[in-house]
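Encoded as structure tokens, the structure appears first; notes follow it.
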Amino acid sequence: MPGIRTSGGLTLAGITLAALLAIVGHVAVEGLDPVSVTVSDYAVSDSGGSIHVAMLVIAAASAVLIPALRRLGPPDGRRHAATALLAVWAGGLLVSGLVPTNPPGTPMDTAAYVHRYASVLAFLALPIAGWLLAIRLPAQPHARRWLRALALASLLLVAAMAWSAYPGDRALYGLIERALILTEITLLTLLATLPAPRSPLPAIMQFLSPQKPQINANRRP
């Protein structure tokens, strides 16, 4: 389907642009430790504004993929749930990019809580969507295995972040978050590169297509 290929190309272009913006946002900031502080902490620094733009770019790149994934296989509850979760992922990134967190070392305000829980929803939604879409790929076992592996790894990293944020005293919090982001962006990249499913031939085309003669193996001359 051309729509899937076109949407996938736009998504890949958006991922590439967002990665470059995120790198610029990290390099431009001094005095913060990426192992312990979050990407959002970099984004609210004086030189980290490009990271907010990167979040918005990924949100847009994910949104253009939603209509194409709706055409991935016959409609059922799993497909509808997966596309809805992908919309939650895109929406969570959009809110996170528009509503910044508080600067490091300052009390959390309402905007910071909105940013936090929008990010949590996004981080949870994408791997579940990937797992549901993997079920719909029986003819693509390699892609199905990778989607499931990336989805499971993402959920484990979400659990690791929750542990670090509360009983773990934020140990390696920034490093775990960056590993989670890398894993989920890899999952999104895989979704964008899924081959387009072949549409079945219309009935008239099946009737007109030449049929190969069947050879009876038991027939003797």
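We did not get these values from a lab; they are worked out from the coordinates using the rules stated. Here the structure is a predicted model, which means the values were calculated and not measured. Backbone-built Cβ (ideal geometry, glycine too); neighbour counts: all protein chains shown.
Fully extended, how many nm does the chain gain between HIS80 and LEU156 (0.36 nm per residue separation, minus their Cα-Cα distance)? Can you show the working numbers first?
Working: separation 76, 0.36 × 76 = 27.36 nm, distance 2.44 nm.
Working it through step by step, the gained length comes to 24.9 nm.
The Rg/Rh ratio of region 40-92, with Rg taken over Cα atoms and Rh as the Kirkwood radius over Cα pairs, comes to 1.19. Size estimate for region 86-180 follows the Kirkwood approach: the inverse of mean 1/r over distinct Cα pairs works out to 14.5 Å. With 0.36 nm allotted per residue and the present C-alpha distance subtracted, the LEU175-ALA87 stretch has 29.0 nm of extension available.
Among 146-155, 99-108, 12-21, sorting by the average number of other beta carbon atoms lying within 10 angstrom of each residue, highest first, gives 146-155, 12-21, 99-108. With q set to 0.18 Å⁻¹, the log10 of I(q)/I(0) for region 2-194, from the Debye formula over equal scatterers at the Cα positions, is -1.22.
If packing is taken as the average number of other Cβ atoms within 10 Å across a peptide's residues, how do 32-39, 50-57, 174-181 rank, most packed first?
Numbers: 32-39: 16.0, 50-57: 21.8, 174-181: 19.2.
Highest to lowest by the protection proxy: 50-57, 174-181, 32-39.
Placing a pseudo-label 7 Å from each Cα along the Cα-to-Cβ vector at VAL120 and THR193 gives an inter-label distance of 3.3 nm. Multiplying the residue separation of THR186 and ALA139 by 0.36 nm and removing their Cα-Cα distance gives an extension gain of 14.8 nm.
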